[in-house]
Amino acid sequence: MRPFPLSDANPQEHSGPLPERADVVVIGGGVIGVTAALFLARAGVSVVLLEKGRVAAEQSSRNWGWIRVQGRDPAEIPIAQEAQALWPALAAQIDTDIGLTQGGVAYLAKDAREMADFEAWRTAAAPFRVSTQMLDAEGAARLLPDAAPRWAGAMWTPTDMRAEPFVTVPALARLAARDGAVIREACAVRGLDIEAGRVAGVIAEGGRVKAGAVVLAGGTWSSLLLRRHGVSIPQLSVRATVVRTAPAREVFAGGAVDHRLAFRRRADGGYSLAPEGAHDFFIGPDAFRALRRFAPLFARDPLGTVLRPAAPRAYPDAWGTPRRWADDAVSPFERMRVLNPPPNRACADRILRDFAETFPGLGRVEAVQSWAGMIDTMPDNVPVVDAVDALPGLTLATGMSGHGFGIGPAFGRIVADLVRGNAPGHDLHRFRFARFGDGSRMDLGPGL
């Protein structure tokens, strides 16, 4: 099977001299950073986005492509709804077809207990007027008539969407550049420029960029940069494997998941497949620092994560990855331009078998590509989107916990308003930076 195509060998789309100053510097070219830069530029703000490798080369192009409200933490629901309103408008403005489709999302229950969990989520989400429906066993069978399994029922949100991440985020970056954002790829930020106790810009491999505000949207790399400046967040990363199949007959137009398998229809006629709740975790120094924080999450699903003894060389939490370096020295971000973990082959083979068993009428479905991505996670499964009081001038937007692609445009808009001192339009208390140090009880959310 072919590997994931984005790498540091791809031609740069965004190059040129590094500006000496801007109103805002955004660190990280994933969906959050790109959309934050887009909305800042549209507000007339001078913004520079710096990406150590390629735009969307990491998790923002490797995810499932779901744009869902279903199953989200209640605090995320109105933000996800805003994102769903933004996606069609953005899709109409960019220079390529991103495969945006309102195909719906289905969670398929193996038993009455899962149905009860789904019903509890729908009850909690009812104030937001979601379109979610509960289906009994017969309703689930009608929704997926070609499926061999017979589920106890389903939770079904017909208004949920999907798109193709691989083309979507680079297209959004081109839109941001067209609207005035300066984007530079292969330009790692080595550290924050601190003057008189506050952030005054960044120190990049190409030089300093002065700025009154900085946004850190570095995904799995955010913790490493923060730690260099004496700020700690309990952020870890897990490896998730995905398989792309060859084109096959349509058995479902949207995305669906049960206790074994997640699948969605692709714009190219194939399917994206992934294991439900199965990840690989590479143990490194941050794992020991954050163990207490993550213990409740691991306890809830102790078999969902396979522990690996050590992260590969140059990974963000590898044992040999430096935690301190000089401004004029090569940083870990330059040593690993694109974090491109190999897929878990056994996992890829298993999910292909599970898909074939779920839809035996499709016959032999060929896997033509597999890849993996590193999902940056927080102990409570929701991100940090907030100013960092210890580093005035810095806004943090990280730890999207696998939710970033679908909700990205709304959080990008929110970050743009936070940086400008405007009201974010949503209650962000759940996403505050201080929740890990203010004695708050850890809320794991719905776990769906």
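The values are calculated or read from the model by the stated rules, or taken from the named source; none is laboratory data. The structure presented is a predicted model; accordingly, all values stated were derived computationally and were not measured. Here the Cβ positions follow ideal geometry from the backbone for every residue, glycine too, while neighbour counts run over all protein chains shown.
For the range 384-399, which positions are under 18 Å from the mean Cα position of the chain (by Cα) and either at pLDDT below 95 or closer than 24 Å to GLY212 by Cβ (or both)? Full working, then the answer.
Quick first cut of the range 384-399, residues under 18 Å from the mean Cα position of the chain (by Cα) only: 384-386, 395-399.
Across the range 384-399, the qualifying residues are VAL384, VAL385, ASP386, THR395, LEU396, ALA397, THR398.
Going by what's in this entry, would ASP286 be described as modelled with pLDDT under 95, touching a Ser or Thr at 6+ places or on another chain (Cβ under 8 Å), among the acidic types (Asp, Glu) and in a strand (DSSP E or B)?
Working: modelled with pLDDT under 95: yes; touching a Ser or Thr at 6+ places or on another chain (Cβ under 8 Å): yes; among the acidic types (Asp, Glu): yes; in a strand (DSSP E or B): no.
So ASP286 fails the test.
Going by what's in this entry, would GLY269 be described as touching a residue at least 60 places away in the same chain (Cβ under 8 Å) and either under 20 Å from the mean Cα position of the chain (by Cα) or surrounded by fewer than 22 Cβ atoms within 10 Å (Cβ to Cβ) (or both)? Full working, then the answer.
Numbers: touching a residue at least 60 places away in the same chain (Cβ under 8 Å): no; either under 20 Å from the mean Cα position of the chain (by Cα) or surrounded by fewer than 22 Cβ atoms within 10 Å (Cβ to Cβ) (or both): yes.
Against the criterion (touching a residue at least 60 places away in the same chain (Cβ under 8 Å) and either under 20 Å from the mean Cα position of the chain (by Cα) or surrounded by fewer than 22 Cβ atoms within 10 Å (Cβ to Cβ) (or both)), GLY269 does not qualify.
I need a count of the residues in the range 410-448 that are in a helix (DSSP H, G or I) and buried (at least 16 other Cβ atoms within 10 Å of the Cβ).
If we filter the range 410-448 for residues that are in a helix (DSSP H, G or I), which is where we start, we get 410-419, 429-431, 433-436.
Adding the requirement that they be buried (at least 16 other Cβ atoms within 10 Å of the Cβ) leaves 410-419, 430-431, 433, 435-436.
The total comes to 15.
So, in the range 150-184, how many residues would count as being surrounded by fewer than 20 Cβ atoms within 10 Å (Cβ to Cβ), among the β-branched types (Val, Ile, Thr) and more than 15 Å from ALA56 (Cβ to Cβ)?
1
When only residues in the range 94-133 that are loosely packed, with under 13 Cβ neighbours inside 10 Å and part of a helix (DSSP H, G or I) count, which is farthest from the chain's Cα centre (by Cα)?
Per the stated criteria, the residue is ALA112.
Quick check on the range 366-388: of everything there that is closer than 30 Å to LEU352 by Cβ and small (Gly, Ala, Ser), which residue is surrounded by the most Cβ atoms within 10 Å (Cβ to Cβ)?
Looking at residues that are closer than 30 Å to LEU352 by Cβ and small (Gly, Ala, Ser), I get GLY373.
Being surrounded by 19 or more Cβ atoms within 10 Å (Cβ to Cβ) and assigned to a loop (DSSP other than H, G, I, E, B) is the requirement here; does LEU391 meet it? Before the answer, list the steps.
Numbers: surrounded by 19 or more Cβ atoms within 10 Å (Cβ to Cβ): yes; assigned to a loop (DSSP other than H, G, I, E, B): yes.
Yes; evaluated as a whole, the condition is true for this residue.
Within the group LEU261, LEU236, which residue is in contact with an Asp or Glu (Cβ under 7 Å, 6 or more places away or on another chain), among the hydrophobic types (A, V, I, L, M, F, W, C) and under 30 Å from GLY197 (Cα atoms)?
Details: LEU261 fails: under 30 Å from GLY197 (Cα atoms).
Result of the check over LEU261, LEU236: LEU236.
May I ask you to list the residues in the range 317-333 that are outside any loop (DSSP other than H, G, I, E, B) and surrounded by fewer than 18 Cβ atoms within 10 Å (Cβ to Cβ)? Write out each step before concluding.
Taking the range 317-333 first, the residues outside any loop (DSSP other than H, G, I, E, B) are 332-333.
Those that are outside any loop (DSSP other than H, G, I, E, B) and surrounded by fewer than 18 Cβ atoms within 10 Å (Cβ to Cβ): none in the range 317-333.
Checking ASP286 against (1) in contact (Cβ under 8 Å) with a residue 12 or more places away in the chain; (2) among the charged types (D, E, K, R); (3) surrounded by fewer than 18 Cβ atoms within 10 Å (Cβ to Cβ), only one condition comes out false. Which one?
Failed condition: (3).
Any idea which residue in the range 344-393 is nearest to LEU428 (Cα to Cα), counting only those that are in contact with a helix residue (DSSP H, G or I) (Cβ under 8 Å, 6 or more places away or on another chain) and free of Cβ contacts under 8 Å to residues at least 24 places away in the same chain?
ALA356
What residue, among those in the range 303-316 that are touching a residue at least 24 places away in the same chain (Cβ under 8 Å), assigned to a loop (DSSP other than H, G, I, E, B) and out of contact with any helix residue (DSSP H, G or I) (no Cβ under 7 Å at 6 or more places or on another chain), is farthest from SER232 (Cα to Cα)?
Within the range 303-316, the subset touching a residue at least 24 places away in the same chain (Cβ under 8 Å) is 304-312, 315-316.
Now narrow it down to the ones that are assigned to a loop (DSSP other than H, G, I, E, B): 304, 309-312, 315-316.
Next cut, out of contact with any helix residue (DSSP H, G or I) (no Cβ under 7 Å at 6 or more places or on another chain) only: 304, 309-312, 315.
Numbers: GLY304: 26, PRO309: 23, ALA310: 21, ALA311: 20, PRO312: 22, TYR315: 18 Å.
Going through the qualifying residues, I end up with GLY304.
Which residue out of ARG292, ARG208, ARG264, ARG249 is of a type in the set (D, E, K, R), surrounded by 17 or more Cβ atoms within 10 Å (Cβ to Cβ) and farther than 17 Å from ARG323 by Cα? Quick ask: steps written out before the conclusion?
Numbers: ARG292 fails: surrounded by 17 or more Cβ atoms within 10 Å (Cβ to Cβ); ARG208 fails: surrounded by 17 or more Cβ atoms within 10 Å (Cβ to Cβ); ARG249 fails: surrounded by 17 or more Cβ atoms within 10 Å (Cβ to Cβ).
Every option except ARG264 fails the conditions.
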